[in-house]
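First the structure, in the form of structure tokens, and then the observations on it.
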């Protein structure tokens, strides 16, 4: 199977590409190489005969038509997106242009290609989305997001992703385009761009800087190891039912404060400070505007229908992640001078 994977130089997309090539898929990586992209993320497979790269922005419809025509894919995995909530608060237009207009362009390019091929029944357009489209849950763990949870996005980022989800469903219902959708919980792991919570904590700790926690640290997230997510996505693209959506969760709920304390304890063991614990650096800062209280996914559908469930616990995954950052300083040092990295964004 040949896959077009958009956003393949990003965090999740590169994990999918690395796994896909190792599992004998052919892959075409379509990426605009924006600030959050890092082509080195796929260096381990870039010399494979099964890998090709196209430096293309999904806002460029003509370039997308060319990519489809030249590479003749069997399926599309659409991951390219602006994804940082704080940046969406400061600059929502980029999120509208990429996440909504870019997805529209992908759908139209895929539809034209699919029609031109005679509407093959085994073609798939897999749209990768987020649990943030569902809004916020109570902190008492009495509810979980299911595939039937009504949409209730609270940030420019989640609103743009909700919009793209609706477009994908509409292209299926109106034009018959064979689609699948997945909504995932918070990802973490190696190659995570250093503006998200876990890499910020690791790198600030190593530099002896404050470890910023929004509000009182009670916001809850369900954490999904990125390699587990990549495995789930490849299961869905090959075995998922057309027109169906699948929620992918890590089954690892933690408050932000619990998460940061766990990272600190791992660092205390692997790279001890001269004086005290890394947790001494924890600092509570002004909360993010509209900060959702809790996200948590019910993954019953993907478990029951496709036999998939996460394999990595939060403790094991965080240990692997911390060790990866300790071992790959050259990778993250090169990214720290990019625009906005290391700065507080999204204060409104």
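Since every read-out is calculated from the coordinates, none of them should be taken as a lab result. Because the structure is predicted, anything quoted here is derived from the model rather than measured. Neighbour counts are summed over all protein chains in view; Cβ atoms, including those assigned to glycine, are modelled from backbone coordinates with ideal geometry.
What 222 nm value per residue comes from the helices of the chain, counting each DSSP H run with n ≥ 4 as -39,500 (n - 2.57) and dividing by all residues, nearest 500 deg cm²/dmol?
Numbers: 12 runs with 133 residues, N = 348.
The helix contribution divided over the chain gives -11500 deg cm²/dmol.
Peptides 225-235, 130-140 ordered by packing proxy, namely the average of other Cβ atoms within 10 Å per residue, highest first: 225-235, 130-140. For segment 65-91 and segment 253-332, what is the separation of their C-alpha centers, rounded to whole Å? Cα centres, segment 65-91 to segment 253-332: 26 Å.
For the chain, what does the relative contact order come out to in percent, with C-alpha contacts under 8 Å and a separation of six or more?
Values: 661 pairs, mean separation 64.3, N = 348.
Across the chain, relative contact order equals 18 percent.
Take every DSSP beta bridge whose two residues both sit in the chain; close to 10 percent of them are antiparallel.
Run the numbers on segment 109-181 and let me know its relative contact order in percent, using alpha-carbon pairs under 8 Å that are six or more apart.
41 percent
Between residue 173 and residue 216, the simple label model (points 7 Å from Cα in the Cβ direction) yields a spacing of 4.1 nm. Once the Cα atoms of helix 226-239 and of the chain are each reduced to a long axis, what angle between those two axes, in degrees from 0 to 90 to the nearest 10, is obtained? So the helix axis and the longest Cα principal axis differ by about 20 degrees.
Computed from Cα atoms, the angle from the helix 61-71 axis to the main principal axis of the chain rounds to 70 degrees.
At a Förster distance of 45 Å, what's the computed FRET efficiency of residue 22 paired with residue 285, Cβ-Cβ distance as r, to 0.05? Numbers along the way, then the final one.
Values: r = 40 Å, r/R0 = 0.90.
That pair, residue 22 with residue 285, gives E of 0.65.
Between residue 112 and residue 336, residue separation times 0.36 nm minus the direct Cα-Cα distance comes to 76.6 nm. Helix 197-206 versus the longest principal axis of the chain: what is the Cα-based angle in degrees, 0 to 90, to the nearest 10? The angle comes out at about 40 degrees.
Tell me whether segment 86-199 comes out rounded, prolate or oblate; compute the Cα gyration tensor, take square roots of the eigenvalues as a ≥ b ≥ c, and use a/c under 1.5 as the rounded threshold.
It comes out prolate by the Cα gyration axes.
Starting from the Cα of residue 323, move 7 Å in the Cα-to-Cβ direction to define the label point; list residues of segment 258-302 whose amide nitrogen is under 19 Å from there. Those under the cut-off are 262-273.
What is the gain in length, in nm to one decimal, between residue 311 and residue 258 on full extension, counting 0.36 nm per residue of separation less the C-alpha to C-alpha distance? Write out the running numbers ahead of the final one.
Numbers: separation 53, 0.36 × 53 = 19.08 nm, distance 2.08 nm.
Result: 17.0 nm gained on full extension.
Taking label positions 7 Å along the Cα-Cβ direction at both residue 33 and residue 74, the computed distance is 3.0 nm, reported to one decimal. Take the Cα of residue 139, step 7 Å toward its Cβ, do the same at residue 121, and the gap between the two points is 5.2 nm. Taking segment 165-194 and a reference point 7 angstrom along Cα→Cβ of residue 146, the backbone N atoms nearer than 17 Å belong to 183. Comparing 185, 300, 142 in a Gaussian network model of the chain where C-alpha atoms under 10 Å apart are linked, the largest mean-square fluctuation is found at 142.
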